[in-house]
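Reading through the structure tokens given below for one structure.
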Ligand SMILES: Cc1cc2nc3c(=O)[nH]c(=O)nc-3n(C[C@H](O)[C@H](O)[C@H](O)COP(=O)(O)O)c2cc1C
């Protein structure tokens with residue numbers, strides 16, 4: 001592909017790190033963790049090692065506590081065995097010349113009692129998620145109305161994030177991304193459709209943003225703010241999440257984040273036609289946040305090399321993260337460099353478990369192909 005500009009493949013200084021390119025691997029749950037303890041396996045080591053030419057890898061969502069679990073076969077970072085498993089991943093990525101952040105995750109209401117000894121999942125308020133089911137050991141199951149966290153419990157969850165960040169540091173991660181997107185716990189606090197609290201964590205936008213900001217600060221206390229990012233999805237609808245003033249709410253959060261000096265702000269605002277694209281009538285938010293945020297800005301959602309170059313050239317972002325293209329193309333960066341063909345992703349193996357569709361996508365050197373992305 002001929003490029004008018006070639007920003008995507010140029011280095012970028014992001015907080016404490018200098019990335020060799022602006023092609024970031026987006027966080028992606030792959031449901032391959034060892035179910036007996038939610039530990040990353042040797043296949044996971046291989047999977048990330050294969051993708052080390054990314055400017056930055058952001059790990060799959062990684063639970064900060066047992067309470068934060070909502071899906072079967074997903075890894076955590078709260079036990080010694082999990083930290084030991086992640087140490088192998090970070091060592092392999094570093095040996096291959098890469099950089100990797102851990103995405104710290106608490107699902108909140110998007111869970112099921114089978115993960116919590118029969119107890120209800122927790123959330124800011126007792127608001128039942130809509131349009132989603134829980135992926136448990138038995139398959140897909142109905143998600144019940146969660147239990148609202150007590151104020152003291154909210155503070156305890158902030159401490160769980162702090163401990164998880166410390167564990168991520170011990171495991172050799174270069175930093176952490178707080179999962180504040182896609183209708184999970186941090187997002188549930190931010191948006192007023194899911195936050196009906198009357199304490200200091202609910203009501204005004206200042207109060208609804210408090211949890212997210214405390215969590216980010218806790219991670220920054222551990223790593224330094226220049227090794228911490230946060231992911232937001234202001235136009236997302238996962239779990240039926242909604243806010244009565246998306247632009248106002250996320251602008252406020254972004255203004256507050258400016259005070260911290262973060263490594264980056266990562267915003268999902270999928271391009272039209274993408275499955276995660278905003279519903280009709282939902283206002284665009286990312287462009288507002290780009291103007292407000294004073295640090296490195298990352299966009300995600302349906303980008304190709306061409307649309308990513310255009311977004312960088314138009315100064316819409318400094319970095320672009322790619323999800324599905326990285327599942328199918330471990331050497332995505334080399335493919336962009338060479339402007340050649342791409343492997344097609346196999347949706348059936350996204351969450352299937354096993355090595356098929358996980359660590360067996362060939363590199364260009366292994367199997368030249370001639371398909372379009
Ligand atoms: C298999 C799969 C798993 C995902 N898991 C996560 C996750 O753990 N955390 C997260 O923030 N987003 C997750 N996402 C969303 C992706 O990070 C990304 O936002 C989405 O795929 C759109 O980007 P793309 O069009 O480049 O794939 C996942 C997406 C896919 C396809």
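Starting from the Cα of residue 94, move 7 Å in the Cα-to-Cβ direction to define the label point; list residues of the range 320-349 whose amide nitrogen is under 20 Å from there.
In the range 320-349, the label zone of residue 94 (backbone N under 20 Å from the point 7 Å along Cα→Cβ) covers no residue.
Where is the GNM fluctuation largest for the chain (alpha-carbon springs, 10 angstrom cutoff): 19, 319, 271?
Residue with maximal mean-square fluctuation among 19, 319, 271: 271.
Just want the ordering: 14, 140, from fewest to most Cβ atoms lying within 10 Å of their own Cβ. Can you show the working numbers first?
Working: 14 25, 140 11.
Ordered by Cβ neighbours within 10 Å, fewest first: 140, 14.
Modelling each spin label as a point 7 Å along the Cα-to-Cβ direction, I'd like the residue 256/residue 367 distance in nm, to one decimal.
About 4.8 nm, to one decimal.
Ratio of alpha-carbon Rg to the 2.2 N^0.38 Å globular estimate for the range 77-116, to two decimals, please.
Here the answer is 1.56, to two decimals.
Among the DSSP beta bridges whose two residues both lie in the chain, what percent are antiparallel, rounded to the nearest 5?
Numbers: 7 of 41 bridges.
Around 15 percent of the beta bridges assigned by DSSP in the chain are antiparallel ones.
Taking the simple approach of a point 7 Å from Cα along Cα-to-Cβ for both residue 81 and residue 66, what is their distance in nm?
1.2 nm
Pop the C-beta distance of residue 355 and residue 198 into the FRET formula with R0 = 35 Å and round what comes out to the nearest 0.05.
Working: r = 49 Å, r/R0 = 1.41.
Result of the calculation: an efficiency of 0.10.
Across every pair of different alpha-carbon atoms, what Kirkwood hydrodynamic radius in Å does the range 173-259 reach? Intermediate values should be presented prior to the final figure.
Details: mean 1/r = 0.0771 Å⁻¹.
Hydrodynamic radius (Kirkwood, Cα pairs) of the range 173-259 is 13.0 Å.
Using the 2.2 N^0.38 Å rule of thumb for compact globular proteins, work out how the range 105-191 stacks up: its C-alpha Rg over that value, please.
Dividing the Cα Rg of the range 105-191 by 2.2 N^0.38 Å gives 1.16.
How do 241, 77, 359, 230 rank when sorted from fewest to most other Cβ atoms within 10 Å of their own Cβ?
Working: 241 23, 77 30, 359 18, 230 27.
Listed from fewest to most nearby Cβ atoms, that is 359, 241, 230, 77.
Above 35 Å lies some portion of the pair distances; for the range 7-349, what is it as a whole percent of all C-alpha pairs?
On the way: 8394 of 58653 pairs.
Taking all Cα-Cα pairs of the range 7-349, the fraction more than 35 Å apart is 14 percent.
Using the Kirkwood radius over Cα pairs, work out the Stokes-Einstein diffusion coefficient for the range 202-311 at 4 °C and 1.567 mPa s, in µm²/s as a whole number.
On the way: Rh = 14.7 Å.
Value of D from the Cα-based Kirkwood radius: 88 µm²/s.
Kindly put 71, 47, 252 in sequence by how many other C-beta atoms sit within 10 Å of each C-beta, fewest to most.
Details: 71 21, 47 24, 252 18.
Going from least to most buried by this count: 252, 71, 47.
If I model a spin label at residue 10 and residue 42 as a point 7 Å from the Cα along the Cα→Cβ vector, what separation in nanometres do I get?
A separation of 4.3 nm, rounded to one decimal place.
Rg and Dmax of the range 183-230 over Cα atoms: what are they, in angstrom?
11.6, 33
Computed from the coordinates by the stated procedures, all read-outs in this text should not be read as laboratory data. Source: prediction; values computed, not measured. Virtual Cβ from ideal backbone geometry, glycine too; neighbours counted across all protein chains shown.
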